[in-house]
Amino acid sequence: MKISEPLLFLRGFLKNPKRVGSILPSSKYLASKIVQSVRWNDVGAMAELGPGTGSITRLIKQNLPASATVLLFERDPKMRYHLKQDFPDFNFHSNASSLLKKMNQEHIDQLDCIICGLPFFNFSREMRGHILSQMTKALKPEGLLILYQHSLHMKKKLAEQLIIENIEFIPFNMPPVFVYHCRKKEDTDAGS
């Protein structure tokens with residue numbers, strides 16, 4: 001019997017709240033808002049960091065060009081197993097802090113888009129900086145980073161490395177979130 005997604009997510013949160021960061025999966029409204037921002041015809045390779053039970057991943061799959069490559073980074077082994085059943089064509093990894101290494105192993109030079117729901121507030125300053133640097137280096141110039149968080153704590157750090165095009169507050173999620181829409185600067189490889 002397949003376990004329900006909200007229950008799977010809640011179990012993951014109770015087991016390790018610093019890694020899961022929320023008690024419920026992303027709402028359909030949030031997932032829809034996030035994927036609306038992506039120019040899907042331009043996506044050849046992308047990553048989702050912290051897909052959880054796949055509420056956003058499902059919409060990625062629906063919009064993705066057939067030839068595109070997707071890397072999913074999910075730390076929770078039960079959620080990762082659940083995702084592998086639903087998205088067997090995607091590439092799975094457990095640790096987002098090894099994004100560049102995994103891209104190299106998959107023969108991917110740069111990503112067109114990264115969607116990230118990692119709970120940065122729960123990470124050490126060093127880990128936040130490391131993962132943000134990895135994401136910035138992974139993106140092609142003008143590549144898109146969509147990051148959703150429960151607060152505005154990442155605004156200053158993101159602005160140091162990327163262009164923040166806008167920040168949207170999404171109240172129809174539990175808990176509500178801020179969605180950062182960022183682009184990689186055209187002429188710089190931030191963090192190098």
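Data for the structure
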| item | result |
| --- | --- |
| Whole-number percent relative contact order across the range 23-76, with pairs defined as alpha carbons under 8 Å at least 6 apart | 44 percent |
| Sum of side-chain charges, D112 neighbourhood, beta-carbon under 13 Å (Lys, Arg +1; Asp, Glu -1) | 0 |
| Simple label model, 7 Å out from Cα along Cβ direction - N95 to K78, nm | 2.3 nm |
| Per DSSP, loop GluC sites (Glu not before Pro) in the range 46-122 with at most 13 further Cβ within 10 Å | E106 |
| Anisotropy class of the range 132-192 from Cα gyration tensor, a/c 1.5 cut | prolate |
| Trypsin sites (Lys or Arg not before Pro) restricted to the range 24-109 and DSSP loop, no more than 14 other C-beta within 10 Å | R39 |
| Pairwise FRET efficiency - F172 versus N122, Cβ, R0 = 22 Å, nearest 0.05 | 0.45 |
| Centre separation in Å (Cα based) which lies between the range 122-161 and the range 99-117 | 14 Å |
| Mean projected area (nm²) of the alpha-carbon convex hull when the range 58-99 is viewed from all directions | 3.0 nm² |
| Charge dipole (the range 46-121, unit charges on Cβ, about Cα centre) - positive-most of Q110, S98, M46 | S98 |
| Three-way shape label, the range 22-139, alpha-carbon gyration tensor, a/c 1.5 | rounded |
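Values quoted throughout were computed directly from the atomic coordinates according to the rules given, and no laboratory measurement underlies them. Computed from a prediction, not measured in an experiment: that's the story for all the values here. In this analysis, Cβ positions are derived from the backbone assuming ideal geometry, glycine residues included, and neighbour counts consider all displayed protein chains.
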